[in-house]
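To start, the structure under review is shown below, and the notes come after it.
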């Protein structure tokens, strides 16, 4: 039984606590949070807990601004680390962190969970197998059901780094191609107050890859219909498409028209399988079945580098 220390017990931390304990050979032995309580240790106890040699891994689900500090600390105690995204929005910080981890012979799995979604991962496998030949057009739709509050938006890193970062990672995951050209149109169409701190809530991003494929990314902070998550790839031999996931595929037909379920409302429901699969991969790394994390700082850095390029084009 592998013993895990969970750092952070907010919304994501509680989700991860349930998923980790659902795995057959994993037990969350300690929980640390700023708000200590019943069976939750204060942050001041973290270093003493890390000294426990029976502890196998650490899962970090703190606020984003503490991720680098937490990874640095845990890596000094030679624990296998899982950390939610983002790690940092600064490439130089990520490079320095990677160098420090390498010097300690340490590593970290990063929570870019969409790579583990069974629908997107199957799409990737079929693309790599050449089922539709060379990809020509890739369309990615990513729309939240409802905008976050303004306080979150101010500290989130902005639409590109907080939200679109998943789509940029998905481009790399699906294609293994480099981006040659970038164009973007964006605005604060849902909440104009975002302009006060140079943020937006709606964007159309176009990329041209060195493979020749063209990518269109359509993002919005508020769809009004649920968590709108779709990918379509047109290739020289056909098309692959992942539609929205819905609670049921039941349709009702009446004289007034046809009705069916809307997409899952939030990322919690839509990506529940992806969250579970990423921890199964983490468990395999803990067990030694994998030599390295499936997704780590290298992939996070590539997404941030592309986000930097897009932000510079946006001006």
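Which residue, of 259, 284, 251, 266, is surrounded by fewer than 16 Cβ atoms within 10 Å (Cβ to Cβ) and closer than 23 Å to residue 166 by Cα?
Values: 259 fails: closer than 23 Å to residue 166 by Cα; 284 fails: closer than 23 Å to residue 166 by Cα; 251 fails: closer than 23 Å to residue 166 by Cα.
Step by step, each of 259, 284, 251, 266 is checked, and only 266 is surrounded by fewer than 16 Cβ atoms within 10 Å (Cβ to Cβ) and closer than 23 Å to residue 166 by Cα.
Which members of the range 113-146 meet the condition of being in a loop (DSSP other than H, G, I, E, B) and surrounded by fewer than 16 Cβ atoms within 10 Å (Cβ to Cβ)? Show your work before the answer.
To start, the set of residues in the range 113-146 that are in a loop (DSSP other than H, G, I, E, B) comprises 117, 129-134, 144-146.
Answer for the range 113-146, where residues must be in a loop (DSSP other than H, G, I, E, B) and surrounded by fewer than 16 Cβ atoms within 10 Å (Cβ to Cβ): 129, 130, 131, 133, 134, 146.
Regarding the range 288-298, can at least one residue be identified that is exposed (fewer than 13 other Cβ atoms within 10 Å of the Cβ) and either farther than 26 Å from residue 127 by Cβ or touching a strand residue (DSSP E or B) at 6+ places or on another chain (Cβ under 6 Å) (or both)?
yes
So how many residues does the range 234-248 have that are surrounded by 16 or more Cβ atoms within 10 Å (Cβ to Cβ) and closer than 22 Å to residue 11 by Cβ?
Counting residues in the range 234-248 that are surrounded by 16 or more Cβ atoms within 10 Å (Cβ to Cβ) and closer than 22 Å to residue 11 by Cβ gives 1.
At pLDDT 95 or above, in contact with a strand residue (DSSP E or B) (Cβ under 6 Å, 6 or more places away or on another chain) and within 29 Å of residue 155 (Cβ to Cβ) - does that describe any residue in the range 188-199?
Looking through the range 188-199, at least one residue is at pLDDT 95 or above, in contact with a strand residue (DSSP E or B) (Cβ under 6 Å, 6 or more places away or on another chain) and within 29 Å of residue 155 (Cβ to Cβ).
Answer yes if at least one residue in the range 303-314 is buried (at least 19 other Cβ atoms within 10 Å of the Cβ), touching a strand residue (DSSP E or B) at 6+ places or on another chain (Cβ under 9 Å) and modelled with pLDDT of 95 or more, and no otherwise.
Yes, the range 303-314 contains a residue that is buried (at least 19 other Cβ atoms within 10 Å of the Cβ), touching a strand residue (DSSP E or B) at 6+ places or on another chain (Cβ under 9 Å) and modelled with pLDDT of 95 or more.
Quick test of your reading of the structure: residue 178 fulfils all but one of (1) farther than 21 Å from residue 128 by Cα; (2) touching a strand residue (DSSP E or B) at 6+ places or on another chain (Cβ under 8 Å); (3) without any contact (Cβ under 8 Å) to a residue 40 or more places away in the chain. Name the failing condition by number.
(1)
I'd like to verify a number: residues in the range 218-233 that are over 22 Å from residue 118 (Cβ atoms) and surrounded by 14 or more Cβ atoms within 10 Å (Cβ to Cβ), how many? Working first, answer last.
Narrowing the range 218-233 to residues over 22 Å from residue 118 (Cβ atoms): 218-225.
From what's left, surrounded by 14 or more Cβ atoms within 10 Å (Cβ to Cβ): 218-223.
So the answer is 6.
Can you spot a residue in the range 90-112 that is surrounded by 20 or more Cβ atoms within 10 Å (Cβ to Cβ), without any contact (Cβ under 8 Å) to a residue 40 or more places away in the chain and in contact with a helix residue (DSSP H, G or I) (Cβ under 8 Å, 6 or more places away or on another chain)? Before you say what the answer is, go through the steps one by one.
The first filter runs over the range 90-112 and keeps only residues surrounded by 20 or more Cβ atoms within 10 Å (Cβ to Cβ), leaving 94, 97, 108-112.
Remaining after also requiring without any contact (Cβ under 8 Å) to a residue 40 or more places away in the chain: none.
Looking through the range 90-112, none of the residues is surrounded by 20 or more Cβ atoms within 10 Å (Cβ to Cβ), without any contact (Cβ under 8 Å) to a residue 40 or more places away in the chain and in contact with a helix residue (DSSP H, G or I) (Cβ under 8 Å, 6 or more places away or on another chain).
Looking only at the range 248-276, count how many residues are in contact with a helix residue (DSSP H, G or I) (Cβ under 8 Å, 6 or more places away or on another chain) and within 20 Å of residue 230 (Cβ to Cβ).
Going through the range 248-276 one residue at a time, the tally reaches 7.
In the range 162-184, what residues are assigned to a strand (DSSP E or B) and either buried (at least 18 other Cβ atoms within 10 Å of the Cβ) or touching a helix residue (DSSP H, G or I) at 6+ places or on another chain (Cβ under 9 Å) (or both)?
Hits for the range 162-184 are 179, 182, 183, 184.
Filter the range 232-290 down to the residues that are under 30 Å from residue 24 (Cα atoms) and without any contact (Cβ under 8 Å) to a residue 24 or more places away in the chain and list them by number. Step through it out loud before you land on a result.
Residues of the range 232-290 that are under 30 Å from residue 24 (Cα atoms), as a first pass: 245-248, 264-290.
246, 247, 248, 272, 284, 288, 289, 290 - these are the residues of the range 232-290 that are under 30 Å from residue 24 (Cα atoms) and without any contact (Cβ under 8 Å) to a residue 24 or more places away in the chain.
Would you mind telling me which numbered condition in (1) over 19 Å from the mean Cα position of the chain (by Cα); (2) modelled with pLDDT of 95 or more residue 151 fails?
For residue 151, the failing item is (2).
Looking at the range 58-75, which of its residues are modelled with pLDDT of 95 or more and out of contact with any helix residue (DSSP H, G or I) (no Cβ under 8 Å at 6 or more places or on another chain)?
Selection gives 67, 69, 70.
The values are calculated or read from the model by the stated rules, or taken from the named source; none is laboratory data. This is a predicted model, so every value here is computed, not measured. FYI the Cβ positions are ideal-geometry reconstructions off the backbone, even for glycines, and counts take in every protein chain you see.
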